[in-house]
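The values are calculated or read from the model by the stated rules, or taken from the named source; none is laboratory data. Being a predicted model, the structure only gives us computed values, none of them experimental. For neighbour counting, all protein chains shown are included, and Cβ atoms are generated from backbone atoms with ideal geometry for every residue, glycine included.
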Amino acid sequence: MLALLGGLLLGLAYPTPGIAGFAWFVPGLWLFSALGLPGKASFRLGYTGGLVHFLISLRWLLHIPFPSGAIAGWMALSAFLALFPAAWVWLAMRIVERASVPLLTTRNSSLETWREALSAFTALSWFRRSVIALSVAALWVALEMVQARLFSGFPWNFLGVSQWRNAPVIQVASVAGVYGVSFLVCWCSVALASALLLVVLRPASRFSWMAEGRLPLITLLILVGIGFNRMLPPREAAPAPANLRVALVQPSIPQQLIWDDAASPARFQKAFDLSRQAAATQPDVLVWPEGFLPGFNQEQYASMTNLIRSAKAWWIFGADDQDTGPNGKARFYNSAVLASPSGGTASIYHKQHLVIFGEYVPLVDLLPFLKWVTPIGDGFSSGDRPGLFPVVAGARTNRFTPVICFEDIFPHHTRNTLAPDTDWLLEMTNDGWFGESGAQWQHCANAAFRAVENGVPLVRCANNGLTCWIDEYGRLRDVLGQGQGSVYDAGFLLVNLPLPADGLRPFTFYRAHGDVFGWLCVGLSVLALVRARLQTLPS
């Protein structure tokens, strides 16, 4: 029941509804509910809680317009991702045992054994309990590092992402990435649970619980103070920032119509009408999202180039591109295209990180029949280099890096795509697959950490929400439709994007050095588990 409760709370911590405070209770709840259990039972407990969490937080997959495939994908992905909380609970119990908690030799899942194990844990010294809390928090981060990379990775809704609206707390991501926020939440959760155990099981030690939470609480307060200070404007007079006027078009095309060739003229006309309204605001850049109009004919392209030529604006749009590979076969790419105000193609970026079974089929060269059992056929090829789009506005040339679809949920990938002179990130996405659901909000929550980690604003142009921009501190700024209707409705948003007037944006520690903290947690976790294993071997 505690595992189920933890899964429910964590599932609700992410948008929607996004009750972020729930996340601070769950790791401790899972860990202490597993005390006294043998290895397989602790794994099952973590798996149960993780499965409930992911079934709730990933329920937006049920909106995919293939009912049977949506249900199968929802259950399969949730079942896979639940392995990570299960592994955390199981491995964390090995670390707890290494700390010499005198668990019973006749361990089972009885209530009596659990109570005795809880009592034994509280009998440890404050120092040993603190080491356990820090160790299992590092283990949580280590498993998130694995999740971000295993089988091409799916780093969706890490523990720290639940705090995306808590701007002072998430500034730690500028140093440690999203993993630093996950570590902080897990550490505080385990320390809080330990303090509550002391209150219940050792009431005679009236103030012992205060010592339990002192170190994480002081650390949290210091980091919040540093976060507030980071977001303060500079005391010295700074040059006024230059503004880039970016018009973002959100056509809000249902996914079913995107596959309907007969509906292509109507889709284009809708986007063109919105673009004409946006062009009247005199933007420097006009942006279309990914995927709602994979291709268009020469007449339609000429209409758009005439529009941007008259508006003297740059145009970025998503489209399919192709070339011929070394073997003579055609290769297709999910692409972002930059068109100059004169109408010519200035630059093209081919998406590098593709969606498995959504944009490519693994091992299709060895097992060609796989392309016939998936809806995508041959699929796309992966691009081989990051994109850097230069845009001239006024007397200034600014440069931005495009990412497509879910590329922005990968911390290491997004960092690697940034050039030293990147001024801002542009995300072009199509979350229309998921209707009007929480997927758009969760995607935006994950993307916000890329802005904090790298110290650059992130502009999002989506097919049906959230079209907005996020500043370099992860704060959600102008949002299309918010307060005026629905974020899922069609429309356009004009963003006055502030750009530094005095040169390059300063590098954050994370942008300069990457996942140093994450790999440190991996190393510490391996050492802790090896030590635990050696201490359990017979002499």
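Things worth noting here:
- Pairing residues of the range 187-200 that are in the same structural domain as Leu35 (by TED's automatic domain parsing) with residues that are of a type in the set (Asp, Glu), at Cβ distances under 7 Å and at least 6 apart in sequence or on separate chains, gives Ala191/Glu212; Ser194/Glu212; Ala195/Glu212; Leu198/Glu212.
- Yes/no for Ala451 being small (Gly, Ala, Ser), within 17 Å of Val169 (Cβ to Cβ), in contact with a helix residue (DSSP H, G or I) (Cβ under 6 Å, 6 or more places away or on another chain) and surrounded by 24 or more Cβ atoms within 10 Å (Cβ to Cβ): no
- Of all the numbered requirements in (1) in the same structural domain as Ser335 (by TED's automatic domain parsing); (2) not in a strand (DSSP E or B), Arg511 misses one, and that requirement is (1).
- With respect to the stated conditions, Gly318 is of a type outside the set (Ser, Thr, Tyr), assigned by TED's automatic domain parsing to the domain that holds Gly474 and assigned to a strand (DSSP E or B).
- Residues of the range 25-82 that turn out to be in contact (Cβ under 8 Å) with a residue 24 or more places away in the chain and charged (D, E, K, R), as a count: 2
- Test for Leu37: is it in the same structural domain as Glu144 (by TED's automatic domain parsing) and part of a helix (DSSP H, G or I): no
- Some residue of the range 419-442 being at negative phi, assigned to a helix (DSSP H, G or I), modelled with pLDDT of 95 or more and touching a Lys or Arg at 6+ places or on another chain (Cβ under 6 Å): no
- The listed residue being over 17 Å from Leu111 (Cα atoms), over 19 Å from the mean Cα position of the chain (by Cα) and buried (at least 22 other Cβ atoms within 10 Å of the Cβ), out of Gly36, Gly6: Gly6
- Filtered by the rule that a residue be farther than 23 Å from Ala451 by Cα, not in a loop (DSSP other than H, G, I, E, B) and not β-branched (Val, Ile, Thr), the range 514-537 gives Gly523, Leu524, Ser525, Leu527, Ala528, Leu529, Arg531, Ala532, Arg533, Leu534, Gln535.
- Cross-chain or 6+ apart pairs with Cβ under 6 Å, the range 290-303 first and assigned to a helix (DSSP H, G or I), then of a type outside the set (Ser, Thr, Tyr): Gln300/Phe268
- Scanning the range 387-408 for residues that are within 16 Å of Asn454 (Cα to Cα) and assigned to a strand (DSSP E or B) turns up Arg399, Phe400, Thr401, Pro402, Val403.
Each row is one residue, and each column tells you yes or no for (1) farther than 24 Å from Arg460 by Cα; (2) modelled with pLDDT of 95 or more; (3) buried (at least 21 other Cβ atoms within 10 Å of the Cβ).
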| position | (1), (2), (3) |
| --- | --- |
| Leu220 | yes, yes, no |
| Phe228 | yes, yes, no |
| Pro233 | yes, no, no |
| Pro241 | no, no, no |
| Val249 | no, yes, yes |
| Ile253 | no, no, yes |
| Ala263 | yes, no, no |
| Val287 | no, yes, yes |
| Phe292 | no, no, yes |
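- Selected residue (criterion: farthest from Leu426 (Cα to Cα)) from residues of the range 321-336 that are assigned to a strand (DSSP E or B) and not hydrophobic (A, V, I, L, M, F, W, C): Thr324
- Selected residue [closer than 16 Å to Ala137 by Cα and either among the β-branched types (Val, Ile, Thr) or assigned by TED's automatic domain parsing to the domain that holds Leu220 (or both)] from Val169, Val181, Val175: Val181
- Ser486 being outside any strand (DSSP E or B), hydroxyl-bearing (Ser, Thr, Tyr), over 16 Å from the mean Cα position of the chain (by Cα) and not assigned by TED's automatic domain parsing to the domain that holds Val403: no
- Residue that is farthest from Leu338 (Cα to Cα), among those in the range 361-393 that are modelled with pLDDT of 80 or more and surrounded by fewer than 13 Cβ atoms within 10 Å (Cβ to Cβ): Asp384
- Here Arg115, Arg129, Arg149 are screened, and the one residue that is within 16 Å of the chain's Cα centre (by Cα) and either at pLDDT below 95 or in the same structural domain as Leu529 (by TED's automatic domain parsing) (or both) is Arg149.
Conditions tested, residue by residue: (1) over 19 Å from Cys405 (Cα atoms); (2) among the aliphatic types (A, V, I, L, M); (3) surrounded by 17 or more Cβ atoms within 10 Å (Cβ to Cβ).
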site	(1), (2), (3)
Trp315	no, no, yes
Gly318	no, no, yes
Asp321	no, no, yes
Tyr333	no, no, yes
Val337	no, yes, yes
Ala346	yes, yes, yes
Lys351	no, no, yes
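- Matching residues in the range 294-308 - criterion: being at pLDDT 95 or above and either within 19 Å of Pro254 (Cβ to Cβ) or buried (at least 19 other Cβ atoms within 10 Å of the Cβ) (or both): Met304, Ile308
- Ala445 surrounded by 16 or more Cβ atoms within 10 Å (Cβ to Cβ), more than 23 Å from the chain's Cα centre (by Cα) and farther than 28 Å from Gln282 by Cα: no
- Ala79 assigned to a helix (DSSP H, G or I), more than 22 Å from the chain's Cα centre (by Cα) and either at negative phi or modelled with pLDDT of 95 or more (or both): no
- In this structure, Val169 does satisfy being modelled with pLDDT of 90 or more and closer than 20 Å to Phe25 by Cα.
- Cβ-Cβ under 8 Å pairs, at least 6 apart or on other chains, the range 1-22 side within 15 Å of Val161 (Cβ to Cβ) and in the same structural domain as Tyr47 (by TED's automatic domain parsing), far side modelled with pLDDT of 95 or more and of a type in the set (Lys, Arg): Gly18/Arg165; Ala20/Arg165
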